[in-house]
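Worksheet for the structure shown next.
The values are calculated or read from the model by the stated rules, or taken from the named source; none is laboratory data. What you are looking at is a predicted structure, and each value in this text was computed from that prediction instead of being measured. Here Cβ is always computed from backbone atoms with ideal geometry, including for glycine, and neighbour counts include all displayed protein chains. Surface accessibility is based on the protein's heavy atoms, side chains included, excluding ligands, DNA and RNA. Shrake-Rupley method; radii C 1.70, N 1.55, O 1.52, S 1.80 Å.
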Amino acid sequence: MDLKISNKMQVVRGSVIRQMAEAAASRKNTISFANGNPSSDTFPVEDFARFAADSFRDDPNSVLQYGLSQGYPPLIEAVKARLTQKWGISFEQNDLLIVSGGQQACDFASKVLLNEGDVVIVEEPSFASCYNTFRSYGAKLVGVPMQPDGMDLEKLEQALKDYPQTRMLYIIPSFQNPTGFTTSMEKRKKIYALAQAYQVAIFEDDPYCELRFAGEDIRPIKSLDTDGRVLYAGSFSKVMAPAFRLGFLVFDKALTTRMIVSKQCTDVHSSLLFQHIAHRCMTQCDYQAHLALCQDVYRRKSNLMLSELKKTLHPSIRCSQPEGGLFLMLFLPEGMDSMPLVWEALEHGVVCVPGSGFMIDQDAPNNGIRLCYSTASEDEIVRGAYILGNLSQKWMEKAGF
């Protein structure tokens with residue numbers, strides 16, 4: 001029988017990141033700067049094992065039975081306390097839902113707020129998996145170019161004028177995937193003001209905010225929210241472990257019932273065992289010391305990659321300067337397509353991701369190359385940067401630079 005694929009799934013695209021990883025899998029001794037995984041050096045494995053054993057010993061039913069759809073109450077309270085203390089997010093008018101990873105937060109925001117034909121204005125480049133989520137709910141995507149301090153505000157306002165059916169803005173404000181850029185406080189305020197003026201929601205996707213290793217903290221847009229238009233998503237994947245599949249979504253209390261029903265339609269509740277472990281990590285360990293360890297790992301690796309690239313990278317290639325997170329991005333001169341260079345790098349044993357994989361139109365040429373420094377060893381960073389630098393010299397000379 002030929003089963004007809006639904007319209008919503010015909011418009012989604014496969015992940016270029018996965019394609020690069022699959023292409024590299026058949027090759028030996030490759031150096032991967034492709035997958036945006038946290039470093040396994042940051043996993044507190046002994047604490048995880050101890051807390052899991054404690055949960056099974058003390059109250060096995062609490063981790064083996066069904067739980068509340070909204071999440072494990074002590075974890076909810078711990079996350080609320082952290083968000084209030086760290087970022088000044090108030091829970092007088094806001095509520096919080098524990099979700100199965102940040103991607104599920106995007107799905108619920110889309111399910112609750114988007115109708116077919118609505119427009120979502122997105123940073124471009126940005127996280128393509130959320131592009132797919134928006135598309136799967138029938139939304140049209142409109143991209144706004146990124147600058148080192150965030151979205152181009154003039155083009156953002158023009159897009160809001162041009163597309164009155166805009167329902168939502170999508171933003172990764174801190175150490176953005178893929179660029180590593182951080183939206184300045186000035187721009188965060190202006191983005192919020194524009195959302196107010198044009199009556200649109202903001203989906204603020206902030207999984208990397210706890211991984212700042214340079215510069216000063218910048219409060220989320222959600223901390224400015226006075227009218228409930230900002231939905232704020234966070235994740236435990238980058239600060240505990242991706243396999244936990246845990247995140248959270250903060251939203252106006254008027255949406256609580258709809259969000260809980262969305263959860264019940266999808267998976268009833270997130271893993272209770274991992275919720276218990278996450279809660280104990282936040283309350284029974286020195287959580288701030290753990291975050292400091294994570295920050296130190298990524299500071300060291302980011303600085304190493306930048307310093308090694310500068311030794312051999314062709315001077316016509318720009319490089320972002322992340323102050324946190326897992327990524328930096330190379331930018332070839334305008335008009336060049338990075339894809340041929342990415343494929344040649346793979347032939348030489350280095351896996352990275354072309355910027356086209358983070359654009360609305362993945363088939364269009366793009367001059368960006370995303371590099372993830374989090375999982376490679378320091379030796380691999382040195383060798384991989386040397387290979388990329390030498391290739392860049394050859395490519396730029398061939399192009400006349």
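Overview of results
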read-out: Taking all pairs of distinct alpha-carbon atoms in the range 284-373, Kirkwood radius in angstrom; value: 14.6
read-out: Shape category assigned to the range 116-169 from the gyration tensor of Cα positions, a/c cut at 1.5; value: oblate
read-out: Cα principal axis extents for the range 250-401, largest first, Å; value: 59, 37, 26
read-out: Fraction of beta bridges assigned by DSSP in the chain that are antiparallel (%, nearest 5); value: 50
read-out: Radius of gyration, Dmax [the range 324-400; alpha carbons; angstrom]; value: 12.5, 35
read-out: Fraction of the pair-distance distribution of the range 141-215 above 20 Å, Cα-Cα pairs, percent; value: 27
read-out: 22 Å tail of the calculated P(r), the range 58-152, as % of Cα pairs; value: 51
read-out: Unit Cα scatterers, Debye sum, the chain: log10 I(q)/I(0) for q = 0.06, 0.07, 0.13 Å⁻¹; value: -0.24, -0.33, -1.15
read-out: Cα-based equivalent ellipsoid, the range 238-306: semi-axes from gyration tensor eigenvalues, Å; value: 31, 16, 12
read-out: Within-12-Å neighbourhood charge of Ser377 [Cβ basis; K, R +1; D, E -1]; value: -1
read-out: Portion, in percent, of the accessible area of the range 1-156 that falls on carbon or sulfur, probe 1.4 Å; value: 49
read-out: Total charge dipole magnitude, the chain, about the Cα centre, Cβ charges on Lys, Arg, Asp, Glu only, Debye to nearest 20; value: 200
read-out: Farthest positive-ward along the chain dipole, Cα basis, beta-carbon charges - from Ala345, Leu313, Leu156; value: Ala345
read-out: The range 89-235 shape via C-alpha gyration tensor axes, a/c threshold 1.5; value: rounded
read-out: Long-range HN-HN contacts of Thr166 with modeled amide H, under 5 Å; value: Val119
read-out: Exposure ranking of Met168, Met1, Met146 by accessible area [1.4 Å probe, largest first]; value: Met1, Met146, Met168
read-out: Which listed pairs, of Lys301/Lys394; Lys111/Lys140; Lys238/Lys311, have C-alpha distances above 20 Å, in listed order; value: Lys301/Lys394; Lys238/Lys311
